[in-house]
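> Here it is: the structure, laid out below.
Computed from the coordinates by the stated procedures, all read-outs in this text should not be read as laboratory data. Predicted model only: the values in this text are computed from it and were never measured. Here Cβ is always computed from backbone atoms with ideal geometry, including for glycine, and neighbour counts include all displayed protein chains.
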C-alpha cells in the first residue's frame with residue numbers, strides 16, 4: 001500500500017513540475033497560455049505548493 005501512495009506522490013510532483021515549466025515558458029515566450037501573467041503566477045504558486053506538500057508527505061512516509 002505504501003508503494004502505491006509513494007507513486008501517487010511522485011506523479012503529483014511530476015505533473016506540478018510540468019505545469020510550473022509551462023507557466024515559466026509562457027512568461028518568457030507567450031506560449032502555451034498566450035502570455036496571461038496572472039494565470040502564470042497562479043500556476044507557479046500552485047505548482048510550488050504541490051511540490052512542497054509532496055516533499056512534506058514523503059518525509060512523513062519514512
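> Could I have the simple spin-label model distance between residue 28 and residue 5, label points 7 Å from Cα toward Cβ, reported in nm to one decimal?
3.7
> In degrees between 0 and 90, to the nearest 10, how far off the longest principal axis of the chain does helix 2-29 point, with axes built from Cα atoms?
10
> Moving to a separate point now. Given a Förster distance of 22 Å, report the FRET efficiency between residue 18 and residue 56 from their Cβ-Cβ distance, rounded to the nearest 0.05.
0.60
> Can you give the angle from 0 to 90° between the axis of helix 37-61 and the longest principal axis of the chain, with both taken from C-alpha atoms, to the nearest 10?
10
> Please report the relative contact order for the chain, taking Cα pairs under 8 Å with a sequence separation of at least 6, and give it as a percent rounded to a whole number.
So the answer I get is 40 percent.
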